[in-house]
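Nothing in this text is a laboratory measurement; each read-out follows from the coordinates by a stated rule. None of the values given here were measured: they were computed from a predicted structure. Every residue, glycine as well, gets a Cβ built from its backbone with ideal geometry; the counts of neighbours run over all protein chains shown.
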Amino acid sequence: MSDEAPSPSPKLDSVIPYARQCIDETDIQAVVSALRSDYVTQGPRIVAFEDGLREATGARYAVAVSSGTAALHLSCLGLDLRESHFGVLPAITFASTANCLRHSGSDVAFCDVDPRSGLATVDAFRTAIESFVGPQELGALLPVSFSGAVPDLEAIARLAAEKGAYVIEDAAHSMAATYRTSDGSTSRSASCSHSDAAILSFHPVKHVCAGEGGAVLTNDETLARRLRRLRSHGIEKGEAWTYNQIELGYHYRLTELQAALGASQLEKLDGFVDRRRVLAARYAAAFEQEPFRSRIRMSNRDEGSSWHLFVIHFADEGERRAAYDFLHARNIRAQVHYMPVYRHDYYRKVGHASLPGAEAFYRTCLSLPLYPKLEDEQQDRVIAALEAFLERREQ
Ligand SMILES: Cc1ncc(COP(=O)(O)O)c(C=O)c1O
């Protein structure tokens with residue numbers, strides 16, 4: 001018999017990522033059955049997945065594509081954004097939200113965000129529109145849901161209507177989230193109640209995983225038909241073997257394997273979001289106590305959020321970096337969402353102005369592990385590590 005101390009339980013020291021997919025046996029069986037079927041692409045599972053997406057969002061049409069980025073690109077093309085346009089989006093988002101405009105030839109204007117929530121207000125959109133210098137006309141506003149919370153889409157849609165622009169809602173973070181409208185009712189993110197198109201992502205860190213994948217939602221039948229054509233080279237099928245390329249499209253299709261996984265995951269969406277809400281409430285309850293209360297701030301908590309991320313803020317950049325390293329050394333992978341997009345070299349070359357709310361948000365934010373499979377004791381490990389960090393810094 002060895003007298004060595006027993007090795008700690010894997011749960012106590014295994015790596016805790018900031019996010020990960022939640023795949024079970026029914027998902028695996030769904031993919032296996034797609035593999036055994038007659039179609040591995042362009043078959044009935046895509047249609048079933050799109051039906052599920054319509055039901056989950058409340059939008060009339062869903063067009064599944066190969067990624068959230070492809071969904072953004074096709075939305076811009078489908079709405080005819082081009083070189084003569086510019087689009088406005090918040091500086092705190094993933095690069096794709098800006099890139100889709102560049103892919104369609106349009107120029108990009110960044111608007112500031114509220115440093116507490118990371119969301120852009122309607123006033124921030126207005127300021128960005130009014131301070132844009134360039135010959136291009138406003139083509140679209142691209143409000144982004146951050147961390148699972150939805151911006152004031154109703155007010156942003158009103159501004160877009162006043163300016164004659166489209167609204168493309170980036171709902172990659174906010175599947176199943178709701179937001180309040182001025183009449184006191186609630187709307188679902190990606191329902192397109194206040195947008196011309198909305199996009200979702202099915203990357204593994206998101207609410208629903210398809211390996212990779214995305215979708216455009218819309219209530220506009222003509223746009224939906226065009227998006228279907230654009231995702232498949234711009235081609236429309238004709239009689240018998242004939243087909244005709246009407247316009248220049250892309251190959252942005254999803255496979256049946258991805259659609260099978262996505263559809264199976266959709267069945268569990270409510271459970272996933274419920275678990276994210278429980279975990280978010282557990283973090284919040286802990287952080288309302290000392291030593292957290294006076295040392296970290298939680299991003300504004302929105303009742304309708306579907307909690308893609310749980311973001312906290314430290315006193316300054318140095319403290320955030322030290323916390324990141326401290327957690328990392330203990331196998332806890334926190335993450336930073338996001339560096340303002342205009343700071344990337346590609347956008348820096350164009351010379352976008354720095355925005356104070358986005359800078360303040362970026363300097364101090366840290367996203368803590370949050371995903372349905374995160375167990376209570378793993379979350380407790382994250383909380384205990386943060387507590388140890390704060391106590392050590394105090395000495
Ligand atoms: C806000 C936002 N928009 C768009 C995307 C792009 O989605 P995808 O990775 O599926 O292309 C992401 C993905 O990280 C995102 O977070």
*asked:* Taking 25 °C and 0.890 mPa s as the conditions, I'd like the Stokes-Einstein D for region 269-394 in µm²/s, using the Kirkwood hydrodynamic radius from alpha carbon pairs.
replied: 157
*If one takes the longest principal axis of the Cα atoms in the chain, at what angle in degrees, from 0 to 90 and to the nearest 10, does the Cα axis of helix 221-230 lie?*
80
*Taking Cα pairs under 8 Å and at least six residues apart, what relative contact order does region 269-394 come out at, in percent?*
34
*Going through region 267-340, which GluC sites (Glu not before Pro) have at most 14 other Cβ atoms within 10 Å and a DSSP loop state?*
Glu267, Glu288, Glu303
*Mean projected area (nm²) of the alpha-carbon convex hull when region 328-395 is viewed from all directions*: 6.8
*asked:* As an exercise, identify the trypsin sites (Lys or Arg not before Pro) in region 157-213 lying in DSSP coil whose Cβ has no more than 10 other Cβ atoms within 10 Å.
replied: none
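With a 10 Å Cβ neighbour count serving as the proxy for reagent exposure, in which order, fewest first, do His73, His203 appear?
Working: His73 26, His203 20.
Final ranking by Cβ density, sparse to dense: His203, His73.
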*Relative contact order for the chain, counting Cα pairs under 8 Å that sit 6 or more residues apart, in percent*: 22
*So how tilted is helix 44-57 from the main axis of the chain? Cα-based, degrees 0 to 90, rounded to 10.*
70
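I need the shape label for region 1-144. Rule: rounded when a/c is under 1.5, else prolate if a/b > b/c, else oblate, with a, b, c from the alpha carbon gyration tensor. Before the final figure, lay out the partial values.
Working: a/c = 3.08, a/b = 1.46, b/c = 2.11.
In terms of gyration-tensor shape, oblate.
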_Given charges at beta-carbon only (K, R positive; D, E negative), |dipole| of the chain in Debye_ = 420
*Over the Cα atoms of the chain, how large are the radius of gyration and the largest Cα-Cα distance (Dmax), in Å?*
22.0, 80
*Give the order of Ser264, Ser189 when sorted by the count of other beta carbons within 10 angstrom, beginning with the fewest.*
Ser264, Ser189
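Dividing the Cα radius of gyration by the Kirkwood radius, what Rg/Rh value follows for region 107-236?
With Rh from the inverse mean 1/r over Cα pairs, Rg/Rh is 0.98.
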*Quick one: helix 153-163 against the long Cα principal axis of the chain, what's the angle to the nearest 10°, folded into 0 to 90?*
40
